[in-house]
Amino acid sequence: MNLRRLNMFNTDNKMIGWLRHVLTAISVLLFLVGCFLLGYMAWVLATSITVSRFLSGTLIFTYSMLGVGFLFFVTGLVGWVAGASEALCVLRMYLMLLVLSVAAEIGGVISLNLLKLRLDDILLNGWAEVNQGTRNIIQNNFNCCGFYGPKEFAYTNYPMSNSCYDTIQEIKAETFTNAQQLKQSGCGAPLKFWLDDNKAIWCSILAVVGGLQLMCIVLCIHIIHKLKDKAGYRRASDKRRLHDEKGAYSL
């Protein structure tokens, strides 16, 4: 009987060690995702005029991206520590953070449905809050200018970026000269079409991230249960050894 218990104890140790590595790897991945989101938003805030309106309460896209990045950063970091240390208190805190994160994400999706926000509204708010560097990347890749087109710059003081122009070559007097031609189409429509065409890809990415969070919850619960059994087995072994020592002393 003791040999069987010892074998079960060693098997549980190996299983916990394997699951601990899986939990740590997923947590590190979530941590890196959070670092990427926070780093990108730090770049956006540092190079755009939205930083002056950060405390105004109107930057919905910025607050949402920062919130999601912060959730991934904190949960990934705590999960990294929990998987490496196998401490019950840290594992319980990690489990609580995971449950709160999943609940917050589900609440965000429900809020979007209740507010009946369309993809056009989300893209428009995001376009208004991102920095010029992000807009330049989109304008260069989609061959567009502005969200609705160059006409939106007519009644504003915002400078028009060089990414709104196409460089073309003209032949004049047997010489090649570079000329700039203003792009006439806006970025809103092609960006929406691109998201619609690649809906399967980004929906799959979101599903994978959500699945990793749910997997972490299951692994965390399982490891906590195994550690409790392991602690109970150790306490029982200590009591039995103490009882045997007392019996030997009495003899």
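The values are calculated or read from the model by the stated rules, or taken from the named source; none is laboratory data. Remember, predicted model here, so these are calculated numbers, not experimental data. Note: ideal-geometry Cβ built from the backbone for every residue, glycine included; neighbour counts use all protein chains shown.
Restricting to the range 159-213, name every residue that is of a type in the set (Val, Ile, Thr) and at pLDDT 90 or above. Write out each step before concluding.
Quick first cut of the range 159-213, residues of a type in the set (Val, Ile, Thr) only: 167-168, 171, 175, 177, 201, 205, 208-209.
Answer for the range 159-213, where residues must be of a type in the set (Val, Ile, Thr) and at pLDDT 90 or above: 201, 205, 208, 209.
Confirm whether residue 43 is touching a helix residue (DSSP H, G or I) at 6+ places or on another chain (Cβ under 9 Å) and either over 29 Å from residue 221 (Cα atoms) or outside any helix (DSSP H, G or I) (or both). Considered against the rule, which asks whether it is touching a helix residue (DSSP H, G or I) at 6+ places or on another chain (Cβ under 9 Å) and either over 29 Å from residue 221 (Cα atoms) or outside any helix (DSSP H, G or I) (or both), residue 43 comes out as yes. Could you please give the count of residues in the range 178-200 that are in a helix (DSSP H, G or I), surrounded by 10 or more Cβ atoms within 10 Å (Cβ to Cβ) and hydrophobic (A, V, I, L, M, F, W, C)? Adding up the residues that qualify gives 5.
Results for (1) within 15 Å of the chain's Cα centre (by Cα); (2) buried (at least 17 other Cβ atoms within 10 Å of the Cβ); (3) free of Cβ contacts under 8 Å to residues at least 24 places away in the same chain, shown as yes or no for each residue.
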residue	(1), (2), (3)
71	yes, yes, no
87	no, no, yes
98	yes, yes, no
108	yes, no, no
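Among the residues examined, residue 82 qualifies as touching a Cys at 6+ places or on another chain (Cβ under 8 Å), among the small types (Gly, Ala, Ser) and part of a helix (DSSP H, G or I).
Any idea how many residues of the range 143-161 are closer than 26 Å to residue 63 by Cβ and either touching a residue at least 40 places away in the same chain (Cβ under 8 Å) or outside any loop (DSSP other than H, G, I, E, B) (or both)? Adding up the residues that qualify gives 4. Within the range 44-56, the set of residues being at pLDDT 75 or above and exposed (fewer than 13 other Cβ atoms within 10 Å of the Cβ) comprises 46, 55, 56. Scanning the range 131-152 for residues that are hydrophobic (A, V, I, L, M, F, W, C) and buried (at least 17 other Cβ atoms within 10 Å of the Cβ) returns 138, 142, 144, 145, 147. Looking across the range 103-133, just one residue is assigned to a helix (DSSP H, G or I), among the β-branched types (Val, Ile, Thr) and within 29 Å of residue 146 (Cβ to Cβ), and that is 122.
Residues in the range 47-61 that are touching a residue at least 24 places away in the same chain (Cβ under 8 Å) and either outside any loop (DSSP other than H, G, I, E, B) or not small (Gly, Ala, Ser) (or both): 5 in all.
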